[in-house]
Amino acid sequence: MTKGFVISMAIASAALAGSAVAETIAPDAVEIVDMEVAASLTGQPGDPIAGRKTFADRGKGNCLACHLNEDLKEQLFHGEVGPPVDGAADRWTASQLRAIVVNSKDVFGGQTIMPGFYTLNVGINVAEEYQGKTILTAQEVEDVVAYLMTLSQ
Amino acid sequence: MAICAISGFLSLALGGTVMAGGPADDKLVIDGEIEIITRTAAPDGHPLGELISGWHYRTEETRALEADSFQNPGMLYVERGAEIWNTVEGDAGKSCASCHEDASETMKGVGASYPKWNEAAGKPFNIELQINECREANMGAKPYKFDAADQKALTTYIKHQSLGMPVGIDLSTGAMQEWWDKGKEVYYTRTGQLNLACATCHEGYNGMFIRADHLSQGNVNGFPTYRLKQADMVSLHNRFRGCIRDTRAEFPPAFSDSLMALEVYVTWRSSGLSVETPAVRQ
């Protein structure tokens, strides 16, 4: 959190001298370098409590569809398509987790089943209501990343 | 490198909130009489080694429903189909039975071998398209609208006449091979905002739980199937469209060229499994 805060302050002050509001990075402008996205997409730190909700919400992250997560024991039906996320913060840095959530294809390769949650590089024939939209907003990505960073064992 | 570390996690036995995956070790014998081939070696060139019916991925209770034709709710649709078979409709004053007589003889094997090349139409026909063709050309009746209750019941009845027979389609006639090729392309094309192909789920992850759903190989041998969730029969093209919609993509019209091609290809992928119609699924 502290690191995210420092980074976000750095961006805020570099990009908008004087202004306290940072620009949100558009999905096609996010740069994944060496499987990392270093800076917050919104310039704001994420909220781990909101991130926990987004993780479970079927209409948002629906991460539980594929990942077992001991921290969400109260929810029924955890999927087993992906690895359990328990201890994710011990295995990955925030920059790496941000890259995984933004577009897992850039980290795991094009064949992965895990959707990219903040990318417009998706499948064909996207239904009208989802065209030009990402699954999660930039702030929701930050929230989920902040939440994943709380998962250490 | 990250991927290697990950597959290690994947192979850990998952406890707690995760349900045990994989196909159930069980045998399907309907009414203690009709042995159903629910596992078989895949045909040459198939990406999977063994073909496994979707029946193996359902709960014990659901599997038991299909094994007992008195309890199988899909059998009501078979009965309704038999009524339609014998009912005169249309200007020509004919029923299906006027031309085809006893379905248990004349329709035996038909459901196991469709889709089939139709020379006049220049495309493969499935049972639904063949029924509509008969209604228009031979009965002077209107074609059924997609998923009309009678279309589902009659299709179920006709497929049920092949219960237990292995699925096997003829790819050597007409342009069937080209349709197979096109269907294969559809099967591997990722669609929608979630960016998933049929293969991503049914080839890569069958046997695993995706939230409360137990992913099967997506075989077609049970269609139309009775779905407990919907308390209704579900046609194959309805299922295709549902799976495509779940990727957050627009889905093609029923019986469109792309879904007919997909039906040809996916039916081939189910070769050798017994027809289970009406199968019972979740």
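What is the one condition in (1) in contact with an Asp or Glu (Cβ under 7 Å, 6 or more places away or on another chain); (2) modelled with pLDDT of 95 or more; (3) not aromatic (Phe, Trp, Tyr) that A:Val30 does not satisfy?
Tallying (1) in contact with an Asp or Glu (Cβ under 7 Å, 6 or more places away or on another chain); (2) modelled with pLDDT of 95 or more; (3) not aromatic (Phe, Trp, Tyr), A:Val30 fails exactly one: (1).
Considering each of B:Ala279, B:Ala254, B:Ala249 in turn, give the residue that is away from every other protein chain (no Cβ under 13 Å), buried (at least 22 other Cβ atoms within 10 Å of the Cβ) and either in contact (Cβ under 8 Å) with a residue 24 or more places away in the chain or within 24 Å of B:Ile36 (Cα to Cα) (or both).
Values: B:Ala254 fails: buried (at least 22 other Cβ atoms within 10 Å of the Cβ); B:Ala249 fails: away from every other protein chain (no Cβ under 13 Å).
Going through B:Ala279, B:Ala254, B:Ala249 in turn, just one is away from every other protein chain (no Cβ under 13 Å), buried (at least 22 other Cβ atoms within 10 Å of the Cβ) and either in contact (Cβ under 8 Å) with a residue 24 or more places away in the chain or within 24 Å of B:Ile36 (Cα to Cα) (or both): B:Ala279.
Please state which of the following conditions A:Ile113 fails to meet, knowing it meets all the rest: (1) surrounded by 15 or more Cβ atoms within 10 Å (Cβ to Cβ); (2) part of a helix (DSSP H, G or I); (3) at pLDDT 95 or above.
Here A:Ile113 meets the rest and fails (2).
Just name the residue that is nearest to the chain's Cα centre (by Cα) out of those in the range B:104-151 that are among the aromatic types (Phe, Trp, Tyr) and assigned to a loop (DSSP other than H, G, I, E, B). Walk me through it before giving the result.
To start, the set of residues in the range B:104-151 that are among the aromatic types (Phe, Trp, Tyr) comprises B:114, B:117, B:125, B:144, B:146.
When the remaining residues are screened for being assigned to a loop (DSSP other than H, G, I, E, B), the result is B:114, B:144, B:146.
Numbers: B:Tyr114: 11, B:Tyr144: 19, B:Phe146: 16 Å.
Looking at the filtered set, the residue picked out is B:Tyr114.
Are any residues in the range A:68-91 within 9 Å of another protein chain (Cβ to nearest Cβ), assigned to a loop (DSSP other than H, G, I, E, B) and not aliphatic (A, V, I, L, M), and if so, which ones?
Correct list: A:Asn69, A:Lys73, A:Gln75, A:Phe77, A:His78, A:Gly79, A:Glu80, A:Gly82, A:Pro83, A:Pro84.
With respect to B:Arg269, determine if the residue is within 13 Å of the chain's Cα centre (by Cα) and outside the structural domain of B:Ala153 (by TED's automatic domain parsing).
Yes; evaluated as a whole, the condition is true for this residue.
For the range A:117-135, enumerate the residues that are under 30 Å from A:Ala89 (Cβ atoms) and within 11 Å of chain B (Cβ to nearest Cβ).
Within the range A:117-135, A:Phe117, A:Thr119, A:Leu120, A:Asn121, A:Val122, A:Lys133, A:Thr134, A:Ile135 qualify.
Would you check which residues across the range B:172-200 are surrounded by fewer than 17 Cβ atoms within 10 Å (Cβ to Cβ) and away from chain A (no Cβ under 14 Å) and list them? Show your work before the answer.
The first filter runs over the range B:172-200 and keeps only residues surrounded by fewer than 17 Cβ atoms within 10 Å (Cβ to Cβ), leaving B:172-173, B:175, B:177-178, B:181, B:185, B:188-189.
B:Ser172, B:Thr173, B:Ala175, B:Gln177, B:Glu178, B:Asp181, listed by residue number.
Determine which member of the set A:Glu129, A:Glu36, A:Glu70 is modelled with pLDDT of 95 or more, closer than 23 Å to B:Thr189 by Cβ, surrounded by fewer than 22 Cβ atoms within 10 Å (Cβ to Cβ) and among the charged types (D, E, K, R).
Result: A:Glu129 is the single residue among A:Glu129, A:Glu36, A:Glu70 that is modelled with pLDDT of 95 or more, closer than 23 Å to B:Thr189 by Cβ, surrounded by fewer than 22 Cβ atoms within 10 Å (Cβ to Cβ) and among the charged types (D, E, K, R).
Which ones in the range B:80-113 are within 19 Å of B:Ile34 (Cβ to Cβ), in contact (Cβ under 8 Å) with a residue 24 or more places away in the chain and loosely packed, with under 13 Cβ neighbours inside 10 Å?
B:Ser104 - this is the single residue of the range B:80-113 that is within 19 Å of B:Ile34 (Cβ to Cβ), in contact (Cβ under 8 Å) with a residue 24 or more places away in the chain and loosely packed, with under 13 Cβ neighbours inside 10 Å.
Filter the range B:72-91 down to residues that are within 22 Å of the chain's Cα centre (by Cα) and among the charged types (D, E, K, R) and give me whichever is farthest from B:Asn132 (Cα to Cα).
Applying the filter and picking the extreme gives B:Glu79.
Go through the range B:90-124 and count every residue that is under 17 Å from B:Ala254 (Cβ atoms) and in contact with a helix residue (DSSP H, G or I) (Cβ under 7 Å, 6 or more places away or on another chain).
4
Quick check, is B:Gly204 within 14 Å of another protein chain (Cβ to nearest Cβ), of a type outside the set (Val, Ile, Thr) and out of contact with any helix residue (DSSP H, G or I) (no Cβ under 6 Å at 6 or more places or on another chain)?
Details: within 14 Å of another protein chain (Cβ to nearest Cβ): yes; of a type outside the set (Val, Ile, Thr): yes; out of contact with any helix residue (DSSP H, G or I) (no Cβ under 6 Å at 6 or more places or on another chain): yes.
Taking the combined requirement at face value, the residue satisfies it.
The values are calculated or read from the model by the stated rules, or taken from the named source; none is laboratory data. Computed from a prediction, not measured in an experiment: that's the story for all the values here. Cβ atoms come from the backbone with ideal geometry, glycine included; neighbour counts cover every protein chain shown.
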